[in-house]
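K.L.:
Take a look at this one; I'll ask things after.
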Amino acid sequence: MDLLKTLENIEKDAEQELTELDELKELEELRVKYLGKKGEIQQVFNKMGKIEPEQRPVVGKSANILKQKIENLINENQQRLEKAKEKKRLVAEKIDVTLPGNKPKLGRAHPLKVIIDEITEIFTGMGFSIAEGPEVESEYYNFAALNIPEHHPARDLQDTLYLDDHYLLRTHTSPVQIHTMEEQDPPIRIIAPGKVYRSDELDASHSPIFHQIEGLVVDKDITFSDLKGTIKLIVEALFGENRKIRFRPSYFPFTEPSAEVDVSCIVCGGEGCSLCSRSGWLEIMGSGMVHPNVLRMSGYDPDIYSGFAFGVGWDRLALLKYGIDDIRVLYENDRRFLHQF
Ligand code: PHE
């Protein structure tokens, strides 16, 4: 048995296998194969008992040298493979800074939001503050405190979404008038934007949920001309200085006198077209002088204080301002639509 010859072969094989290696994990297998407890070097040691005694130190020494040599080879190749692996990773992760970037999809302000921001700015500039009220209201705040009598048709199930015998989804933002007067002493100057609910079917011009902006001013000596001046200002700010305004006598239980506000048609300018049903005018809000009963019920003395209020359909303002003919697009949030603003 020529163990020296065996060692020579092991050396040749190991050198070849290790230098040809290109995967780090295979290196571990080779370490086991040559240096492991049952590895090839160990097997040479195991066979030492079977050779001539004077041969043993020679073979033993050569086996130890080879063992050291293979260990070194393994370490060298480990370094080589680790370097190669790192290089590969760097190449794979390389960023081409000259490639065009991915443009993030930017959102836009919703048309309703644009309008309310404009209106809020106009009113806060005039010293108004923003008030809020709950969307779930009691009959008292939505109707009774607003001087709407028990059997008024507005209280009908057909118009109002009741939650139970007492509570309902507010049908207008006017209850915020009451909350504000209950909580604050005059003078009052507020606008109250918010959602309102009515039991309407959804179509191009109706939605069961829509938006209103309530306005309320109460102080000593507030007159109808204050109402007119304020409304003129906001219409001009929203639709331009050339807009004509008209006050039409109307009726709301919570204002006296009451007036419907029209603006000259934004499409035809007053000549008559399909948008304004040939009238030349577009109705944009209800308004009036706060009814003495409403002031009284909220704890204000109508002999000392007077006020005006208005309520604007905020969605309709957006439709008119942007020439949109279907209210539904305001709620569908289709990016293609929203991106036009
Ligand atoms: N609340 C009324 C409506 O919803 C609008 C309005 C508000 C009228 C304030 C007059 C004063 O139609």
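The values are calculated or read from the model by the stated rules, or taken from the named source; none is laboratory data. As the structure is a prediction and not an experimental result, all values here were calculated from the model. Cβ placement follows ideal geometry from the backbone for every residue including glycine, while neighbour counts extend to all protein chains displayed.
K.L.:
Name the residues in segment 39-49 that are free of Cβ contacts under 8 Å to residues at least 24 places away in the same chain and surrounded by 12 or more Cβ atoms within 10 Å (Cβ to Cβ), would you?
P.N.:
Gly39, Gln42, Gln43, Phe45
K.L.:
For segment 50-99, name all the residues that are farther than 25 Å from Thr19 by Cα, aliphatic (A, V, I, L, M) and free of Cβ contacts under 8 Å to residues at least 12 places away in the same chain. Walk me through how you get there before you give the answer.
P.N.:
At the first step, the residues of segment 50-99 found to be farther than 25 Å from Thr19 by Cα are 50-60, 93-99.
Then keep just the ones that are aliphatic (A, V, I, L, M); that gives 51, 58-59, 95, 97, 99.
Matches in segment 50-99: Ile95, Val97, Leu99.
K.L.:
Pick from segment 161-175 the residues that are more than 10 Å from the ligand (Cβ to nearest atom) and touching a residue at least 12 places away in the same chain (Cβ under 8 Å): which of them is surrounded by the most Cβ atoms within 10 Å (Cβ to Cβ)?
P.N.:
Leu168
K.L.:
A follow-up question, please. Can you find a residue that is within 16 Å of the ligand (Cβ to nearest atom), touching a Ser or Thr at 6+ places or on another chain (Cβ under 6 Å) and of a type in the set (Phe, Trp, Tyr) anywhere in segment 299-308?
P.N.:
No, the conditions are met nowhere in segment 299-308.
K.L.:
Out of Leu320, Leu233, report the one residue that is surrounded by fewer than 16 Cβ atoms within 10 Å (Cβ to Cβ), in a helix (DSSP H, G or I) and either under 38 Å from the mean Cα position of the chain (by Cα) or of a type in the set (Phe, Trp, Tyr) (or both).
P.N.:
Result: Leu233 is the single residue among Leu320, Leu233 that is surrounded by fewer than 16 Cβ atoms within 10 Å (Cβ to Cβ), in a helix (DSSP H, G or I) and either under 38 Å from the mean Cα position of the chain (by Cα) or of a type in the set (Phe, Trp, Tyr) (or both).
K.L.:
Count, please, the residues in segment 276-314 that happen to be in contact with a strand residue (DSSP E or B) (Cβ under 7 Å, 6 or more places away or on another chain) and under 21 Å from Arg246 (Cα atoms).
P.N.:
20
K.L.:
Run Pro153 past the list (1) modelled with pLDDT of 95 or more; (2) loosely packed, with under 13 Cβ neighbours inside 10 Å; (3) within 15 Å of the ligand (Cβ to nearest atom) and report the number of the one that doesn't hold.
P.N.:
Failed condition: (1).
K.L.:
Count, please, the residues in segment 242-288 that happen to be part of a loop (DSSP other than H, G, I, E, B) and either within 12 Å of the ligand (Cβ to nearest atom) or closer than 24 Å to Pro193 by Cβ (or both).
P.N.:
Counting residues in segment 242-288 that are part of a loop (DSSP other than H, G, I, E, B) and either within 12 Å of the ligand (Cβ to nearest atom) or closer than 24 Å to Pro193 by Cβ (or both) gives 4.
K.L.:
Any chance you could count how many residues in segment 203-230 are away from the ligand (no atom under 16 Å from the Cβ) and assigned to a strand (DSSP E or B)?
P.N.:
So the answer is 1.
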